[in-house]
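*Asks:* First, the structure itself, so that you have it in front of you.
The values are calculated or read from the model by the stated rules, or taken from the named source; none is laboratory data. Just so you know, these numbers come straight off a predicted model, no measurement behind them. For neighbour counting, all protein chains shown are included, and Cβ atoms are generated from backbone atoms with ideal geometry for every residue, glycine included. We work out accessible area using only protein heavy atoms, side chains counted, and drop any ligands, DNA or RNA first. Shrake-Rupley method; radii C 1.70, N 1.55, O 1.52, S 1.80 Å.
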Amino acid sequence: MHNYPMNLNDWIGYIESIHPSTIDLTLERIKIVIERLNLDVSFPILTVGGTNGKGSTCSILESIYKEAGYKVACYTSPHFLHFNERIKIQAVAVSDELICEAFSRIESAREGVTLTYFEYGTIAAMIIFSEANVDVAILEVGLGGRLDAVNVFDADCAIVTTVDLDHMDYLGHTREAIGFEKAGIYRTEKIAICGDFDPPQSLIKHAEFIHSDLKIIGKDFGYEAHHDSFDFLIDSSFVINLPLPKLQGDFQLANATNALMAVKAMEDKLPLTEISIQKGIALTLLPGRFQEVKKMPSLILDVAHNPQAARSLSHNLETHVVPGKTIAVFSILKDKDISGVIKVLNLCIDAWFIAEIQNERAASLETISNTIQKINPSAHIEAFKNIQEAYQFASKEVTRNDRIIVFGSFFTVADIMKIIS
């Protein structure tokens, strides 16, 4: 009898402890374990990679297929409050029991092969999806693409949402290097979607080299926005008119358009009606993406943690003006482009309330404070011992015309979700 952990929290503690590093980009180890498990993956797979917009695109696809009556599986990361958020069937997080059972199976098949936390989660999700006889699985890439655990499974359709600078220590320091890594999720003879209006040549060349059927936004498909709806176009021809997504921001139209291109590409395997597409788009909501959780004073949560996402956040803040001040409750991980993020948002923010994330990858208070001061020597900065304290102080400072924007990391947003949910 194996001495396995008793509950999901214990399992997660155990999984975090067994691999020497949290990120280990290689597919060899995970392949061995998957072969031993004899996984039956007979359902179509849509894989979503990219720098920003992955979560939103997965959410839109999940919503459309669910409205169309399919049994939909969705695997995303990271999570806010519970690990289970990563593994959903019919848009509902699966139970602790199912995850623990999948972990036990992985543990007995592993036999000394080490797996990272993310690899464990990815295999567990696929075990659960196989057992549940799902009709389609939507898989979000964790980091990069080519060597990410999700890429062990062949996608019938793969989307790269955007290519920008993030995770540069792992993926390279240029858009060309990162583009090549992201393009690794494309497959020969399969639809490859690129949602970046200016794709790196490395991505285009790789798609051509492996003979995938590449479709690029703004060239092969696109959208035209109207006052309260948008048109989806393929080769400049009108396909369908849709309600604007509830998710805020121009880039959400691009995410919706990428999802629509994938739905069209998969129509032979997963036919659906215009009504289910329209309802699916209209109903998509995703936490932590310019999410306004309170009004007067306004409280907005946004997971923006790289310059591209910060540009989108800045655009949303400028579009949704408040008469009063904007106070940032901000913290970020040290491996991010901290100065790039702050530069973009500097003019939108009247005061910075900063704290350190409770994580070994956290940027120090000193680093965050110095970076803000370097960009704006007269910035109003206050430091706190944790995010929740920073938020509570900000809440006392604001009047009904002001707003608080909590951003910089999934961890930053999660800490506030814990106390307001």
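*Asks:* Under 6 Å by Cβ, and 6 or more places apart or on different chains, what pairs join a residue from the stretch 379-400 that is free of Cβ contacts under 8 Å to residues at least 40 places away in the same chain with one that is loosely packed, with under 15 Cβ neighbours inside 10 Å and part of a helix (DSSP H, G or I)?
*Replies:* Gln388/Ile419
*Asks:* Let me ask you something else. Any residue at all in the stretch 283-291 that's hydroxyl-bearing (Ser, Thr, Tyr), open to solvent by less than 30 Å² (accessible area, probe 1.4 Å), closer than 23 Å to Ala158 by Cα and modelled with pLDDT of 95 or more?
*Replies:* Taking every residue of the stretch 283-291 in turn, none turns out to be hydroxyl-bearing (Ser, Thr, Tyr), open to solvent by less than 30 Å² (accessible area, probe 1.4 Å), closer than 23 Å to Ala158 by Cα and modelled with pLDDT of 95 or more.
*Asks:* Give the stretch 225-276 a look and list any residue that's among the polar types (S, T, N, Q) and either in contact with a helix residue (DSSP H, G or I) (Cβ under 9 Å, 6 or more places away or on another chain) or touching a residue at least 40 places away in the same chain (Cβ under 8 Å) (or both), or say none.
*Replies:* Passing the criteria: Asn241, Gln248, Gln252, Asn255, Thr257, Asn258, Thr273, Ser276.
*Asks:* Next up: For Glu356, indicate whether it is at pLDDT 95 or above, acidic (Asp, Glu) and more than 28 Å from Cys74 (Cβ to Cβ).
*Replies:* When the stated conditions are applied, Glu356 passes them.
*Asks:* Still on this structure, I have one more. Please count how many residues of the stretch 233-278 are over 29 Å from Ile420 (Cβ atoms) and open to solvent by 70 Å² or more (accessible area, probe 1.4 Å).
*Replies:* 9
*Asks:* Now a separate question. Can you find a residue in the stretch 81-99 that is modelled with pLDDT of 95 or more, on the phi > 0 side of the Ramachandran plot, open to solvent by 20 Å² or more (accessible area, probe 1.4 Å) and not basic (Lys, Arg)?
*Replies:* Within the stretch 81-99 (the criterion being modelled with pLDDT of 95 or more, on the phi > 0 side of the Ramachandran plot, open to solvent by 20 Å² or more (accessible area, probe 1.4 Å) and not basic (Lys, Arg)), the answer is yes, since at least one residue qualifies.
*Asks:* Still on this structure: May I ask you to list the residues in the stretch 109-151 that are in contact with a Lys or Arg (Cβ under 9 Å, 6 or more places away or on another chain) and open to solvent by 30 Å² or more (accessible area, probe 1.4 Å)?
*Replies:* Once the filter is applied, which keeps residues that are in contact with a Lys or Arg (Cβ under 9 Å, 6 or more places away or on another chain) and open to solvent by 30 Å² or more (accessible area, probe 1.4 Å), the stretch 109-151 yields Glu111, Thr114, Asn133, Asp135, Arg146.
*Asks:* Can you tell me which residue within the stretch 302-333, out of those that are assigned to a loop (DSSP other than H, G, I, E, B) and either open to solvent by less than 10 Å² (accessible area, probe 1.4 Å) or in contact with a Lys or Arg (Cβ under 6 Å, 6 or more places away or on another chain) (or both), is farthest from Glu366 (Cα to Cα)?
*Replies:* Val322
*Asks:* Name the residue, out of Ile60, Ile45, that is surrounded by 18 or more Cβ atoms within 10 Å (Cβ to Cβ), under 16 Å from Thr122 (Cα atoms) and at pLDDT 95 or above.
*Replies:* Ile45
*Asks:* Looking only at the stretch 197-210, decide whether some residue is among the hydroxyl-bearing types (Ser, Thr, Tyr), more than 24 Å from Ser314 (Cα to Cα) and modelled with pLDDT under 95.
*Replies:* Scanning the stretch 197-210 turns up no residue that is among the hydroxyl-bearing types (Ser, Thr, Tyr), more than 24 Å from Ser314 (Cα to Cα) and modelled with pLDDT under 95.
*Asks:* Moving on. Please tell me if Val163 is in contact (Cβ under 8 Å) with a residue 40 or more places away in the chain, assigned to a helix (DSSP H, G or I) and in contact with a strand residue (DSSP E or B) (Cβ under 9 Å, 6 or more places away or on another chain).
*Replies:* Spelling it out, it is not the case that Val163 is in contact (Cβ under 8 Å) with a residue 40 or more places away in the chain, assigned to a helix (DSSP H, G or I) and in contact with a strand residue (DSSP E or B) (Cβ under 9 Å, 6 or more places away or on another chain).
*Asks:* Taking the stretch 195-238 as the region of interest, how many residues are within 22 Å of Ser56 (Cα to Cα) and either of a type in the set (S, T, N, Q) or in a strand (DSSP E or B) (or both)?
*Replies:* The qualifying residues number 15.
*Asks:* Residues of the stretch 263-286 being in a loop (DSSP other than H, G, I, E, B) and under 18 Å from Gln90 (Cβ atoms), which ones?
*Replies:* Leu270, Leu272, Thr284, Leu285, Leu286
*Asks:* Also: Select from the stretch 387-408 the residues that are under 20 Å from the mean Cα position of the chain (by Cα) and at negative phi and write down the one among them that is surrounded by the most Cβ atoms within 10 Å (Cβ to Cβ).
*Replies:* Val406
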